Amino acid sequence: MGMTRRKFLKLSGVSTAFALSGLFDIRPVHAQAESLRLRIRYARQVTTICPYCAVGCGQIVSVSNGKVINIEGDSDHPINEGSLCSKGGALYQLVNNERRLSKVRYRAPGSNQWREVSWDWALRKIAKNIKKTRDATFQTKDDKGRIVNRTEAIGWLGSAAIDNEECYLAVKLARSLGIVFLEHQARLCHSSTVAALAESFGRGAMTNHWIDIRNSDCIFIIGSNAAENHPISFKWVTKAMEKGAKLICADPRFTRTASKADIYASFRSGTDVALIGGIINYCLQNGLYNKEYVAEYTNAAFLIDPKFGFKDGLFSGYDSQKRKYDKSTWQYQKDENGIPKEDKTLEGPNCVFQLLKRHFARYDVDTVCQITGAPQDVFLKVAETYCATGKAGKAGTIMYAMGATQHTNAAQMIRSYAVLQLLLGNIGVAGGGVNALRGESNVQGATDHCVLFHILPGYLKVPRDVDENLEAYLKHWTPVSDDPKSINYWKFTPRFMVSQLKAFYGDKATKENDFCYQHLSKLSANYSHISMFEAMYADKVKGLICLGQNPAVSGPNVRMERKALEKLDWLVAIDLWETETSAFWKGPGVDASKVKTEVFLLPAASSLEKEGSITNSGRWSQWRYAAVSPPGQAKPDLWILDRMFRSVRHLYAYSGG
């Protein structure tokens with residue numbers, strides 16, 4: 001019989017299909033699922049929370065014979081409902097990893113290699129170093145004779161990667177040693193969020209929650225690539241869009257988030273204030289604001305001192321010689337009882353609303369588009385679409401992250417988001433809010449527990465050198481309000497502070513001794529992250545305790561920060577891995593023989609190897625259970641901090657100081 005080309009191709013195709021059927025099972029998905037089901041059938045299952053970004057997804061860890069054999073999303077968890085992003089799905093690789101630290105390492109001055117040492121030896125040596133540096137530099141009183149009880153020669157860095165309980169203990173330990181250089185990752189990522197949102201709403205965190213995004217009628221993502229960096233958060237954006245919500249993405253880059261947007265607005269990096277200012281002006285000029293909300297629930301109706309003004313880019317009271325403002329005109333008009341006067345019609349020329357309207361009138365469409373580079377038609381579509389959420393029964397939310405917070409004027413950017421949302425009535429409603437997308441699993445918790453130089457747990461102010469006793473401190477930091485409508489939450493500062501002192505010092509804190517107030521170190525300068533490394537580079541900071549943070553990579557000036565590490569007498573690094581910070585003496589261009597820094601590298605437990613709580617970006621505190629034991633000699637941070645403190649205390653009890 002004759003063989004045509006068509007018959008040949010058909011015959012060879014069938015033959016190929018039969019041949020490949022042995023290589024590619026037509027039921028691979030079912031086979032893999034069945035294999036997994038059998039593998040974890042008799043495994044012990046433990047719930048945990050993902051240690052990567054701050055969405056706070058739930059996970060189920062399957063353990064067999066003391067080893068993690070599977071990690072999957074927790075279908076009962078309300079945030080992720082069983083789904084995981086690529087990071088959460090790869091958590092298995094973190095706990096089962098041959099590169100994990102399992103023994104204590106020590107690098108001697110001038111050495112080019114690690115040597116393994118015991119925990120007891122390392123803790124004793126660390127305690128001696130801490131005591132030696134602290135005793136040589138401890139300042140009991142300043143040059144004015146005021147008690148300050150501090151050392152400016154020891155730094156503490158970290159961490160947003162440890163549990164809340166560990167954060168609290170870290171703060172307690174650092175404060176007890178008189179350390180004032182106390183910082184963690186939040187200083188570099190969302191400090192501008194705190195400056196902006198705390199002033200606007202009282203707290204520097206997401207005003208709403210991840211799940212609440214589904215209730216929004218319009219989502220405005222600016223300075224964030226949520227689809228890639230917070231993928232599970234984008235799940236709730238998608239759910240809102242499925243119900244008809246519009247997604248606006250404003251970004252200099254065309255990102256994966258932009259690819260999913262109904263409206264993508266490209267604009268020049270750093271021009272966010274002009275962009276949002278233009279939308280605010282569009283809202284005001286077209287009467288799209290929620291007048292009842294603005295008059296009743298914001299300070300828009302309050303009357304301002306008639307002498308207050310704004311001209312040529314400067315507010316009233318500016319002193320060009322001192323480069324500072326005299327804020328005496330930046331005040332509300334008050335009645336005889338000290339209550340701010342109001343104009344609920346919002347028509348008075350000195351009310352906040354009219355001042356705001358005049359201020360943003362400069363942001364006309366032509367000017368905004370010239371500054372931002374955004375096409376006029378796109379800008380107008382963004383303004384029209386988002387301002388539609390000012391109608392009753394509508395809600396819009398703003399989501400942002402590092403693309404906003406890392407600018408020099410980031411606080412002003414984020415403040416502008418707050419102004420826009422208040423005008424539209426999008427605060428305090430489902431589907432609204434200004435939502436900061438935080439990037440580490442417990443960066444919110446570490447901030448709440450105040451691993452920062454300027455605040456104590458509960459967001460209490462750290463005493464300044466002028467706060468010479470508890471009475472002076474309370475007078476300085478307790479606000480007074482005569483307004484009967486004012487909640488004035490911080491009027492309870494005396495109660496909060498005394499409770500905190502009792503928590504720190506126990507039964508030793510009594511009314512007779514000012515509840516041990518004088519034991520707290522007092523501040524007289526800026527002791528934040530950058531200041532810490534500048535002081536280290538200037539050879540003033542002699543020792544650094546660094547846990548769960550890697551400033552040699554993530555600092556704002558890593559070349560300077562690595563050089564600063566070379567000037568330390570000693571460094572304690574607590575981590576899962578050998579980081580660039582712990583091994584800075586191996587860095588390019590570094591002669592290890594000339595680096596006299598003693599380095600202690602202490603192996604820590606991962607999130608799957610210890611118990612504790614963390615707080616996600618939406619301010620949920622969630623508990624993580626231990627699934628397995630840490631590898632080798634690795635220990636939980638809580639254990640390490642406790643033993644470190646006990647070693648220092650034992651040394652002082654034995655030899656004084």
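Remarks
- Candidates per GluC sites (Glu not before Pro) in the stretch 318-415, loop by DSSP, up to 13 other Cβ within 10 Å: Glu336, Glu347
- Note on the stretch 56-152: dipole from Cβ charges, positive end direction compared against Leu123, Ile69, Ser86; the farthest Cα belongs to Leu123.
- In the structure shown, the pairs Lys103/Lys586; Lys475/Lys540; Lys243/Lys357 are assessed against 24 Å; a Cα-Cα span above that value is assigned to Lys475/Lys540; Lys243/Lys357.
- Normalised convex hull volume, the stretch 31-118, alpha-carbon set, Å³ per residue: 154
- Relative compactness, the stretch 199-277, computed as alpha-carbon Rg over 2.2 N^0.38 Å: 1.12
- Translational diffusion of the stretch 449-492, estimated by Stokes-Einstein from the Kirkwood radius over alpha carbon pairs at 25 °C in a medium of 0.890 mPa s, is 208 µm² per second.
- Ala198-Leu38 FRET efficiency (beta carbon distance; Förster radius 35 Å; 0.05 resolution): 0.10
- For the stretch 343-474: accessible area per residue (Å², 1.4 Å): 37
- Shape category assigned to the stretch 304-408 from the gyration tensor of Cα positions, a/c cut at 1.5: oblate
- Viscosity 0.692 mPa s, temperature 37 °C, Stokes-Einstein D of the stretch 551-657 from Kirkwood C-alpha radius, µm²/s: 200
- Near Glu81, once Lys and Arg are set to +1 and Asp and Glu to -1 for all other residues with Cβ below 9 Å from its Cβ, the sum equals -1.
- All Cα pairs of the stretch 342-456, percent lying beyond 19 Å: 64
- Global form of the stretch 570-613, assessed from the alpha-carbon gyration tensor, a/c cut-off 1.5: prolate
- Measuring between their Cα centroids, the stretch 95-150 and the stretch 192-232 lie 39 Å from each other.
- Beta-bridge orientation, the chain: approximately 50 percent antiparallel, per DSSP, counting only bridges with both partners inside.
- Of all accessible heavy-atom area on the chain, the percent that carbon and sulfur account for (1.4 Å): 51
- Taken along its principal axes, the alpha carbon cloud of the chain reaches lengths of 110, 74, 47 Å, longest axis first.
- Within a straight-line Cα-Cα reach of under 26 Å, Lys87 can be paired with the following lysines, leaving aside sequence neighbours fewer than 8 residues apart in one chain: Lys67, Lys235, Lys239, Lys260, Lys610, Lys635.
- The chain: calculated mean residue ellipticity at 222 nm from DSSP helix runs of at least 4, using -39500 (n - 2.57): -10500 deg cm²/dmol
- Relative contact order, percent, the chain [alpha-carbon distance under 8 Å, six or more residues apart]: 22
- Percent of Cα pairs in the stretch 462-595 per distance bin of 10 Å, from zero to the largest separation: 10, 28, 20, 23, 14, 4, 0.
- Relative frequency of Cα-Cα separations exceeding 13 Å in the stretch 596-657, percent: 72
- Charge dipole (the stretch 597-641, unit charges on Cβ, about Cα centre) - positive-most of Trp620, Leu608, Leu641: Trp620
- Net charge dipole, the chain: roughly 1700 debye, given to the nearest 20, about the Cα centre with Cβ charges of +1 for Lys and Arg and -1 for Asp and Glu.
- Taking N as its residue count, the alpha carbon Rg of the stretch 425-518 over 2.2 N^0.38 Å: 1.36
- Charging the Cβ of each Asp and Glu at -1 and of each Lys and Arg at +1, and nothing else, the dipole of the stretch 293-358 about its Cα centre rounds to 380 debye.
- Whole-Å semi-axes of the stretch 158-236's equivalent ellipsoid (Cα gyration tensor): 31, 15, 12
- With all protein chains modelled, accessible area of Ser75 [1.4 Å, Å²]: 80
- Leading residue at positive end of dipole, the chain (Cβ point charges), from Val237, Gly587, Met402: Gly587
- The trypsin sites (Lys or Arg not before Pro) of the stretch 299-366 that meet both conditions, a loop assignment by DSSP and at most 10 other Cβ atoms within 10 Å of the site Cβ, are Lys322, Arg323.
The values are calculated or read from the model by the stated rules, or taken from the named source; none is laboratory data. Here the structure is a predicted model, which is why all the values come from computation and not from measurement. All Cβ positions, glycine included, derive from the backbone under ideal geometry; neighbour counts span all protein chains shown. The protein model used for the area step is the full one, side chains on, heavy atoms only, and it has no ligands, DNA or RNA in it. Shrake-Rupley method; radii C 1.70, N 1.55, O 1.52, S 1.80 Å.
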